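Taking it in order: structure first as structure tokens, then the write-up.
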């Protein structure tokens, strides 16, 4: 895919049943119109307008667009990627969902990002896509194009974890609260391959914990976003998550893992010490950290 600096037609694909679309979409369309940009939008986006009759299918939007603007979370981005991939058109994702490890920009960053794109000041990051077929009795019963990986689940798929619960708990426990914007970056793209990995612990089909890795070529990797939901604590999930993160890191050739934590998280500090992490001098300027740990793999 070759990025173009001149986009005259932009398609908009939105997450269904998102209440704030009514606030975001009308001024966005006016913003594009003022700049002479033709816009197309899917039926979900059209539902936010007084006249919803001009909504198209996502396939129709993609086929007539030079760029797709995706308003939603990772699920909406993945759905848009399926229709954009075969056409080779780029996607600009705006996170309006509860989960955004692939969506690059917040809603507050949308207009500055669009200004840069329309001015030709951008680069495209290509993602690995797989063609997946599910066979049963020598018959293809499902065929999908997917981003990064495919998951086959025997039962109902677990819901994706809502990181807001993690943020809310830290805000309640830390002295002075917790603002992720002040913390050292653990952005979505930094915790997904190839830059990192993000794991979700599932119990009875429900997401109950998470943990992430940030890779730094030639340097120690970082453990980020370690968290277990309160109802699932005491079951050893934190220990198992940490062990799996260490195994994943070792598989990527990482020799040293580092992490930092707040003094109020006594259970986390105990976990890290029991897992063989040793306390070291501060190796970053994380404003919410009081303890820094390191472990050789």
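The values are calculated or read from the model by the stated rules, or taken from the named source; none is laboratory data. On a predicted model such as this, the values are computed, not experimentally measured, just so you know. For neighbour counting, all protein chains shown are included, and Cβ atoms are generated from backbone atoms with ideal geometry for every residue, glycine included.
Output the residues belonging to the range 261-286 that are in contact (Cβ under 8 Å) with a residue 40 or more places away in the chain and crowded, with 18+ Cβ neighbours inside 10 Å.
Listed by number, the residues that qualify are 262, 265, 268.
Condition check: in a helix (DSSP H, G or I) and over 22 Å from residue 187 (Cβ atoms). Does residue 80 satisfy that? Before the answer, list the steps.
Working: in a helix (DSSP H, G or I): yes; over 22 Å from residue 187 (Cβ atoms): no.
Taking the combined requirement at face value, the residue does not satisfy it.
Pull up the range 211-239, narrow it to residues that are touching a helix residue (DSSP H, G or I) at 6+ places or on another chain (Cβ under 7 Å) and farther than 13 Å from residue 201 by Cβ, then point me to the one that is surrounded by the fewest Cβ atoms within 10 Å (Cβ to Cβ).
214
Would you call residue 255 touching a residue at least 24 places away in the same chain (Cβ under 8 Å) and exposed (fewer than 13 other Cβ atoms within 10 Å of the Cβ)? First the steps, then the outcome.
Numbers: touching a residue at least 24 places away in the same chain (Cβ under 8 Å): yes; exposed (fewer than 13 other Cβ atoms within 10 Å of the Cβ): yes.
Taking the combined requirement at face value, the residue satisfies it.
Residue by residue through the range 46-57, note down the ones that are closer than 15 Å to residue 21 by Cβ and under 26 Å from the mean Cα position of the chain (by Cα).
46, 47, 48
Considering only the range 45-73, state which residues are assigned to a helix (DSSP H, G or I) and buried (at least 21 other Cβ atoms within 10 Å of the Cβ).
Quick first cut of the range 45-73, residues assigned to a helix (DSSP H, G or I) only: 45-46, 58-63.
Result: 45, 58, 61, 62.
Mind checking which residues of the range 287-297 are surrounded by fewer than 16 Cβ atoms within 10 Å (Cβ to Cβ) and farther than 17 Å from residue 173 by Cβ?
Residues of the range 287-297 surrounded by fewer than 16 Cβ atoms within 10 Å (Cβ to Cβ): 287, 290, 296-297.
Answer for the range 287-297, where residues must be surrounded by fewer than 16 Cβ atoms within 10 Å (Cβ to Cβ) and farther than 17 Å from residue 173 by Cβ: 296, 297.
Residues in the range 9-26: is at least one without any contact (Cβ under 8 Å) to a residue 40 or more places away in the chain, surrounded by 13 or more Cβ atoms within 10 Å (Cβ to Cβ) and farther than 22 Å from residue 130 by Cα?
First pass over the range 9-26, keeping only residues without any contact (Cβ under 8 Å) to a residue 40 or more places away in the chain: 16-17, 19, 22-23, 26.
Subsequent filtering for residues that are surrounded by 13 or more Cβ atoms within 10 Å (Cβ to Cβ) retains 16, 26.
Right, trim to farther than 22 Å from residue 130 by Cα and you get 16, 26.
Yes: the range 9-26 contains one or more residues that are without any contact (Cβ under 8 Å) to a residue 40 or more places away in the chain, surrounded by 13 or more Cβ atoms within 10 Å (Cβ to Cβ) and farther than 22 Å from residue 130 by Cα.
Do we find a residue being assigned to a strand (DSSP E or B) and out of contact with any strand residue (DSSP E or B) (no Cβ under 9 Å at 6 or more places or on another chain) anywhere in the range 243-260? Before you say what the answer is, go through the steps one by one.
Restricting attention to the range 243-260, the residues satisfying the condition of being assigned to a strand (DSSP E or B) are 256-260.
Filter once more, so that each one left must be out of contact with any strand residue (DSSP E or B) (no Cβ under 9 Å at 6 or more places or on another chain): none.
For the range 243-260, residues assigned to a strand (DSSP E or B) and out of contact with any strand residue (DSSP E or B) (no Cβ under 9 Å at 6 or more places or on another chain): absent.
Consider the range 32-44. How many of its residues are surrounded by 15 or more Cβ atoms within 10 Å (Cβ to Cβ), assigned to a helix (DSSP H, G or I) and modelled with pLDDT of 95 or more? Step through it out loud before you land on a result.
Taking the range 32-44 as the starting set, the residues that turn out to be surrounded by 15 or more Cβ atoms within 10 Å (Cβ to Cβ) are 32, 37, 39-44.
From what's left, assigned to a helix (DSSP H, G or I): 32, 43-44.
Next cut, modelled with pLDDT of 95 or more only: 32.
Final tally of qualifying residues: 1.
Just checking, does the range 234-250 include any residue being under 16 Å from the mean Cα position of the chain (by Cα) and modelled with pLDDT of 90 or more?
In the first step, residues of the range 234-250 are kept if they are under 16 Å from the mean Cα position of the chain (by Cα); the result is none.
No: zero hits.
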